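Visitor: The structure that follows is given in the form of structure tokens.
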Amino acid sequence: MNYYSTNNPHYRASLSEAVTQGLAPDGGLYMPERIPSIPMAFFKHIGQMSLQEIAFVVASTLFGNDIQSDNLKKIVTETLSFDIPLKEVEPGIYALELFHGPTLAFKDVGARFMARMLALFNNEGGDNESVVNVLVATSGDTGSAVANGFLDVPGVRVFVLYPQGKVSRIQEAQFTTLGRNITAIEVDGTFDDCQAMVKSAFIDPTLNSALTLTSANSINVARFL
């Protein structure tokens, strides 16, 4: 399936291009040109399916034309390697608890999925020297989830920008103590300042000609889908 830019519906990119680039060249968000329907049989049997089986059907519906089935199943299984319990709040109302991952944030799900998808596309490029630089602005949970999700992913470096004194001590420790391919950058400013720096990097032609940049914020199609 192709993905179009919200700033230019006529612009098209493949899934690997959309995930690797993060933002379209014109600054727009990538959106799928169509949202396929999940077969009705899925909903009839969803009560008997495991979380990984449910996720694989949904992921296959969205990405099955662009990722081989065994690769997608591996990505889903590794992403959902922790409990995500369904808890009854009151009769007839339930909550799906997404905060049981490595950093105790719901964003662990999307960040881990994106990390593994990006690693797959980077490896498929066949260039062992290729490095993708992931830029992410955070006020706490995004940075810790992305840093842990991308930790030791081959061919990927992560730069987490966060506002000085405006992140909880636990979340700050989660992304400043990892090292290896994770670099934390403390900014004298607000989260909006961090976000502005990340966005300006993506539209800087000189920087983009020298480095492969992508975003792990929820603007990336692999995160929100």
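Visitor: How many residues does region 184-225 hold that are of a type in the set (A, V, I, L, M), closer than 18 Å to Leu151 by Cα and assigned to a helix (DSSP H, G or I)?
Guide: So the answer is 1.
Visitor: Any idea which residue in region 119-144 is modelled with the lowest pLDDT, counting only those that are within 14 Å of Ala184 (Cβ to Cβ) and not in a strand (DSSP E or B)?
Guide: In this case the residue turns out to be Gly140.
Visitor: Still on this model: Can you tell which of Gly28, Gly64 is surrounded by 14 or more Cβ atoms within 10 Å (Cβ to Cβ) and either under 22 Å from Leu120 (Cβ atoms) or modelled with pLDDT of 95 or more (or both)?
Guide: Going through Gly28, Gly64 in turn, just one is surrounded by 14 or more Cβ atoms within 10 Å (Cβ to Cβ) and either under 22 Å from Leu120 (Cβ atoms) or modelled with pLDDT of 95 or more (or both): Gly64.
Visitor: Just to verify a result, which residue in region 170-225, among those that are β-branched (Val, Ile, Thr), in contact (Cβ under 8 Å) with a residue 24 or more places away in the chain and closer than 25 Å to Ser16 by Cα, is surrounded by the fewest Cβ atoms within 10 Å (Cβ to Cβ)?
Guide: Ranking the qualifying residues of region 170-225, first place goes to Ile203.
Visitor: Across region 172-213, what is the number of residues that are more than 21 Å from Ala111 (Cβ to Cβ) and small (Gly, Ala, Ser)?
Guide: The number of residues fulfilling the criteria is 5.
Visitor: Taking strands (runs of 3 or more DSSP E) that do not extend beyond region 1-56, which have at least 2 residues that are out of contact with any helix residue (DSSP H, G or I) (no Cβ under 9 Å at 6 or more places or on another chain)?
Guide: 3-5, 8-13
The values are calculated or read from the model by the stated rules, or taken from the named source; none is laboratory data. What you see is a predicted model; the values in this text were computed from it and never measured. Cβ atoms come from the backbone with ideal geometry, glycine included; neighbour counts cover every protein chain shown.
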